[in-house]
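Contents: one structure, followed by commentary.
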Amino acid sequence: MKSHRPFQQYDYGCALVSGLVALCLLVTLLLGACQSMPQASAPATVTRTQMLMGTLVRITAVASSEAQAQASATAGFQEIRRLEDLLSTWIATSELSRVNAAAGREPVAVSPDTLLIVQRSLDMARLTDGGFNIAIGPVVEAWSVAERQRVPSDRELETVRPLTDLTQVSLDEQARTVFLARSGMRIDVGGIGKGFAADRAVTAMQQAGATAGVVALSGDIKTFGRMPGGRPFAFGIQHPRKEGALLARLTLQDEAISTAGDYERFFEREGTRYHHILDPATLRPARGCQSVTIVATEGAMADGLDTGIFVMGPEAGMALIERLPGVEGVIVDSEGRVLVSSGLKGRLQLEPAAP
Ligand code: ADP
Ligand code: MG
């Protein structure tokens, strides 16, 4: 079986750099928040990082004691590792790898978590008119954006189109199995898995006694509670065309934020940018947006929607954001225009450098 990378499919180095930039921005903002923290009898705050799911994961935990904050950070990391072992297509024994290896042959029994994320991914496909598609893997491979930097032929792309047909993904909830009907198909939850993992890590941290915290898998971030001193968590949204510069700032409480951008992994050929978010209809990089940032209660929702809405484009995408309760967003369209959803208008501070 051909293995492929689950959460960072193209260029580990690039992804890491963009993750680091996002984290640096985050840390700068958090440090600003920490400096004015009351010191005496304040709750303990710990921040730790680990490489998981192919990316740098940073967890901040606030609890009544140092030991409890450490224990809840540990619980968060353990939960992400557990999910990685189930879902990573880079781990040959993972449940999703076994589902993929059995494509065209037989259904594979999976755990409730794996079944749930596949279900959520299919829901996300319906919500985004097919923009979000977990069976896009063979097309991702045909492009291999950061590795090969070449434009595949129409013929090559059309050959793999039948493998992206989501009607060929069957779930049996009773038997708890997943079946890919065509041989060569494979599913990959890279567009939603980090947000899903952030949700689960937060739950694990709360169960371990954390009163507040942040789980950041690169740019997929989920917060709960407030920093000691009552400050909400502050974040910056990366400018899609000015490296290291912010487009806007906002604070989050009990919310997740996730950004999909055409600047994360891409190459240029004759003035055209080819990036890693592919439109399942054209099998080519989606063209309507430079970046899509989603704020939602749930990390899985924020992460799945940023990718799906990036494909839908700015108008249909913003209309969907406005329709969904508890979901807000910022879209930078292909011309650099910034669209802000109605519920974020009072909350978002656009940077002076923003277009
Ligand atoms: P990341 O934070 O890793 O950039 P995103 O949420 O932006 O993740 O999702 C991009 C990843 O999702 C790609 O690297 C690829 O694995 C996968 N992908 C690309 N196009 C689609 C699509 N249309 N639907 C679902 N997943 C996609
Ligand atoms: Mg996503």
Long-range neighbours under 7 Å by Cβ, at least six apart or interchain, first residue more than 12 Å from Pro240 (Cα to Cα) within the range 326-343, second in a loop (DSSP other than H, G, I, E, B) and hydroxyl-bearing (Ser, Thr, Tyr): Gly326/Thr297; Glu328/Ser341; Gly329/Ser341
Single residue of the range 287-321 satisfying the filter (in a helix (DSSP H, G or I), among the charged types (D, E, K, R) and within 13 Å of ligand 1 (Cβ to nearest atom)) that is surrounded by the fewest Cβ atoms within 10 Å (Cβ to Cβ): Asp306
The correct count of residues that are more than 20 Å from His239 (Cβ to Cβ) and part of a helix (DSSP H, G or I) in the range 322-355 is 4
Residue pairs within 6 Å by beta carbon, gap of at least six or interchain, first lying in the range 77-91 and under 14 Å from Met51 (Cα atoms), second in a helix (DSSP H, G or I) and open to solvent by less than 10 Å² (accessible area, probe 1.4 Å), listed first then second, are Glu79/Ala201; Ile80/Ala197; Ile80/Ala201; Leu83/Ala197
Taking Glu156 and the conditions (1) modelled with pLDDT of 95 or more; (2) open to solvent by 60 Å² or more (accessible area, probe 1.4 Å); (3) not in a loop (DSSP other than H, G, I, E, B), which numbered condition does it fall short on, given that it satisfies the others? (1)
For the range 253-271, name all the residues that are closer than 27 Å to Arg287 by Cβ, part of a loop (DSSP other than H, G, I, E, B) and away from ligand 1 (no atom under 16 Å from the Cβ). Glu270, Gly271
Of the candidates Tyr274, Tyr263, the one satisfying the condition of being away from ligand 2 (no atom under 16 Å from the Cβ), at pLDDT below 95 and closer than 26 Å to Leu320 by Cβ is Tyr274
Do we find that Glu268 is open to solvent by 30 Å² or more (accessible area, probe 1.4 Å), free of Cβ contacts under 8 Å to residues at least 40 places away in the same chain and away from ligand 2 (no atom under 12 Å from the Cβ) in this structure? yes
Over the range 161-183, the set of residues open to solvent by 30 Å² or more (accessible area, probe 1.4 Å), of a type in the set (A, V, I, L, M, F, W, C) and touching a residue at least 60 places away in the same chain (Cβ under 8 Å) is Ala175, Phe179, Ala181
Can you pull out the residues in the range 298-322 that are in contact (Cβ under 8 Å) with a residue 60 or more places away in the chain and away from ligand 2 (no atom under 14 Å from the Cβ)? Ala316, Leu320
What is the number of the single condition among (1) open to solvent by less than 70 Å² (accessible area, probe 1.4 Å); (2) modelled with pLDDT of 95 or more that Arg82 does not meet? (1)
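The values are calculated or read from the model by the stated rules, or taken from the named source; none is laboratory data. As the structure is a computational prediction, the values presented were derived from the model and not from experiment. Counting neighbours? That spans all protein chains shown, and the Cβs are built from the backbone with ideal geometry, glycine included. With ligands, DNA and RNA removed, areas are computed over all heavy atoms of the protein, side chains included. Shrake-Rupley method; radii C 1.70, N 1.55, O 1.52, S 1.80 Å.
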